[in-house]
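Taking it in order: structure first as structure tokens, then the write-up.
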Amino acid sequence: MPRVAKVVVDLSLNREFDYSIPDELAETAVLGAPVIVPFGRSERRGFIVGVADRSDFPHLKPIRAVVGSKALIEKRITDLARWMADYYLAPIETAIRTVLPAVVRREPAGYLRRLIVSPTEAGADPGAAERLRARAPKQAAALDALMSGGEIFLAELARRAGVSEAAIRALEKKGLVRIGEGVVERQPEAGRTLLPDTPPTLMPEQAAALETICRAVDTLTPPVVLLYGVTGSGKTEVYLQAIRRAADRGKGAIVLVPEISLTPQTVERFRRRFGDTVAILHSHLSEGERHDEWHRVQEGRARIVVGARSALFAPVRDLGLIVVDEEHEASYKQAETPCYHARDMAVLRGRREGCAVVLGSATPSLESWHNAHIGKYALARLTQRVDHREMPLLKIVDLRAEMEREGKPNVFSRELVQAVSERLRRSEQTILFLNRRGYASSLVCPKCGYVAQCDDCSVAQTFHKREQRLICHLCGKGQPVPPRCPKCGDPAFRYAGLGTERIEEILARFFPKARVARMDSDTMTRKESYRQVLGDFRVGKIDILVGTQMIAKGLDFPNVTLVGIVFADLALHLPDFRAGERTFQMLTQVAGRAGRGDVAGEVIIQTYTPFHPAIQAVRRFDLEGFYEQELAFRRELEYPPFTRLACLTARGPDDAATADYTARLAEALRAAGGAAVKVSDAAPAPFARIQGLYRHQTLIRSTSAKAINAAVRAALAAVRRPKDVLLLCDMDALNLL
Ligand code: ADP
Ligand code: ZN
């Protein structure tokens, strides 16, 4: 029997504390158990993340109590959390918090218990209600309602019968009904009836990909498969059938999809195929739903989990397969501590639990592409769209030429206007993409050049017309538009730059009869609005859908025959070595929304830099050529995937002090890392100030992740951090802004 428990308390202390296990708790104080421990002068909740026979500390306090009746985390999950904390340079308790949903940690929220009414034998006798009818009509009504439906919640029965709960209690006294406590499971999407579907016969490429994946499931050589399939090539169908095969072998599965593409459409496909053994985990669930879904998984009643990033840590039993769909998505990387990447953690979890991992994308990350090309991952390709549908026809519109011809910059080129009106005439649908919300990206005084800036951040405020407000897209703070220029007093403002709101307005001018909807985080503030708009679009109540990256992925609407990319250059010139890769991925994904039905699709890309390699590659569907070129450039400059890179960002209220700390950190990194690492000079971050805090950063690169880890730990220990300066350690950083 272990005598010592290592406990992580729910506070940020980055330590495990040793406690002794008293005899009476020997059975229950096991690894993963939630406990209450004495801490300082009070008590804290915590988790047992390890057990041992003895401790290096002489006087241990005993664990006070074990909460609940079962361990909530298993060793394999606590081990993952430990590994995460270590690799991503994060405190252990933040990692524990990551692997265990808050609502489960905070038990006993528990299952929802409610009173359920069922008839007794006497009550089920048809005469029973009749005998009550005259003297107790309410009770008779309740009994009628119960008999017409069967078992029902007390409150629900009272509502249906239009009687008080007391009337039903009276029935209980007479021995006509039983009232008992029951557990109500809160299942997301429950109550929507879904028709089961039959799997289609796979196309040859799909069948080959399925074989590759099944071999990975069975033999783990190699355990990871990169499924590179053009948009609409039937990747999801391959996942579904691979999961079926794993399930037939008694194995469970986890499917990760980016939060944004976790649409009802996606969830439905899994529910249709696998019914109730599917659990859904993502942030839009209510706490109760999340609690119950998680426990269904933990108890083994659900074997397949579909969810967003943190669903990777779901306690699925006998895991056979992990799918990471759209594996190139940056949203798999958590922006705060621990800055883990769910794809990379998936590969790790797969290795530890002997399970296969499929990374799927139409536009894989360069990291995964590279791993496939050096043979670390198996590569399966789907080069054809299902049913040999044509890839859309891509046209590039040179906005410089358009400007010369028209004498002014036009938001909609002649080609685009023509193409949209064509679709309206033929009753086909259009998607217009612009990855910026709001009306104008800045408000400029034409007289003195004043640009409205956020007080707290080093960016221009975006003008939102409907609210008549200037809003900062970094911190969200806003204010009404001033009546005149605060600097020179001139009343005439000019709006510079575009946003989706402006596109909507221009459309109304060009096509007054068209039914237009906008989809961005300004319009999609409610959980239901997303489903509503997509539903309307599907049934043809909307002609043109305008949106940001929200509409870039996963949508599959057969009647969309035109995709217009209003301004392709938005992200192309950001100071980030991945800008080209990101633009290529984004544009290819958006273009993939066109022509998913029987009519061929068309994509119009408007740009000021038509000859940029990323844009040319999108037009020619030349992923391989573009990636080869990008990889050559990364190798040359020693960037990932040829090196590992960590980004350390310090932020503080005092510019000089923050800069000074970052500079000393860079020095210490160099000293500690020696020749094994390359450390960039400390410099202001591209967004030099956010929410009033100045930001400085330094990058550290090396071919060895271990060398980076060691150097960062040594530097953190060597340089004292000023009290009001915060530091974010982002290992394998994707966001350098
Ligand atoms: P992707 O995930 O690559 O975008 P999907 O799996 O969503 O592609 O497939 C696109 C559409 O084609 C879906 O409606 C899907 O049901 C259908 N589909 C996929 N595979 C087949 C197949 N082998 N036969 C017929 N239809 C298929
Ligand atoms: Zn701001």
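Number of residues in segment 672-706 that are in a strand (DSSP E or B) and either among the hydroxyl-bearing types (Ser, Thr, Tyr) or more than 19 Å from Ala657 (Cα to Cα) (or both): the value is 7.
Residues that are surrounded by fewer than 20 Cβ atoms within 10 Å (Cβ to Cβ) and of a type in the set (Phe, Trp, Tyr) within segment 438-457 comprise just one, Tyr450.
Being surrounded by 15 or more Cβ atoms within 10 Å (Cβ to Cβ) and in contact with a Gly (Cβ under 6 Å, 6 or more places away or on another chain) is true of Arg469. Residue pairs whose Cβ atoms lie under 7 Å apart, sitting 6 or more positions apart in sequence or on different chains, and linking a residue in segment 544-567 that is in the same structural domain as Ile260 (by TED's automatic domain parsing) to a partner that is within 16 Å of ligand 2 (Cβ to nearest atom) and part of a strand (DSSP E or B), do not occur here. In this structure, is Arg701 more than 14 Å from Arg644 (Cα to Cα) and either in the same structural domain as Gln453 (by TED's automatic domain parsing) or at pLDDT 95 or above (or both)? Against the criterion (more than 14 Å from Arg644 (Cα to Cα) and either in the same structural domain as Gln453 (by TED's automatic domain parsing) or at pLDDT 95 or above (or both)), Arg701 does not qualify. The residues listed here are Arg272, Arg303, Arg317, Arg245; of these, the one that is of a type outside the set (Asp, Glu), within 27 Å of Val539 (Cβ to Cβ) and modelled with pLDDT of 90 or more is Arg272. Evaluate the following for Phe567: is it over 26 Å from Glu402 (Cα atoms) and of a type in the set (A, V, I, L, M, F, W, C)? The answer is no for Phe567. The single condition among (1) touching an Asp or Glu at 6+ places or on another chain (Cβ under 9 Å); (2) under 30 Å from Glu630 (Cα atoms); (3) buried (at least 20 other Cβ atoms within 10 Å of the Cβ) that Thr383 does not meet is (3).
Can you say whether Lys6 is within 36 Å of the chain's Cα centre (by Cα), crowded, with 19+ Cβ neighbours inside 10 Å and either under 23 Å from Val103 (Cβ atoms) or modelled with pLDDT of 85 or more (or both), as far as the supplied structure shows? Yes.
The sole residue among Arg526, Arg531, Arg509, Arg518 that is among the basic types (Lys, Arg), in contact with a Ser or Thr (Cβ under 6 Å, 6 or more places away or on another chain) and outside the structural domain of His328 (by TED's automatic domain parsing) is Arg518.
Screening Asp248 against (1) in contact with a helix residue (DSSP H, G or I) (Cβ under 6 Å, 6 or more places away or on another chain); (2) free of Cβ contacts under 8 Å to residues at least 60 places away in the same chain leaves a single unmet condition, (1).
Quick check, is Pro38 part of a loop (DSSP other than H, G, I, E, B) and more than 22 Å from Val316 (Cβ to Cβ)? No: the conditions fail for Pro38. Of a type outside the set (A, V, I, L, M) and assigned by TED's automatic domain parsing to the domain that holds Pro558: does that describe Thr662? When the stated conditions are applied, Thr662 does not pass them. Has segment 371-379 got any residue that is more than 27 Å from Pro610 (Cα to Cα) and buried (at least 24 other Cβ atoms within 10 Å of the Cβ)? The answer is yes; a qualifying residue exists. Return a yes/no flag: does segment 490-507 have any residue that is at pLDDT below 85 and closer than 30 Å to Ser427 by Cα. Checking segment 490-507: not a single residue is at pLDDT below 85 and closer than 30 Å to Ser427 by Cα. Mind listing whichever residues of segment 20-35 are closer than 16 Å to Ala102 by Cα and in a strand (DSSP E or B)? Residues satisfying the conditions are Pro34, Val35.
Taking only segment 401-437 into account, find how many residues are assigned to a loop (DSSP other than H, G, I, E, B) and either at pLDDT 95 or above or of a type outside the set (Phe, Trp, Tyr) (or both). Summing the residues that are assigned to a loop (DSSP other than H, G, I, E, B) and either at pLDDT 95 or above or of a type outside the set (Phe, Trp, Tyr) (or both) in segment 401-437 gives 13.
The values are calculated or read from the model by the stated rules, or taken from the named source; none is laboratory data. Owing to the predicted nature of the structure, the values given are computational and were not obtained by experimental measurement. FYI the Cβ positions are ideal-geometry reconstructions off the backbone, even for glycines, and counts take in every protein chain you see.
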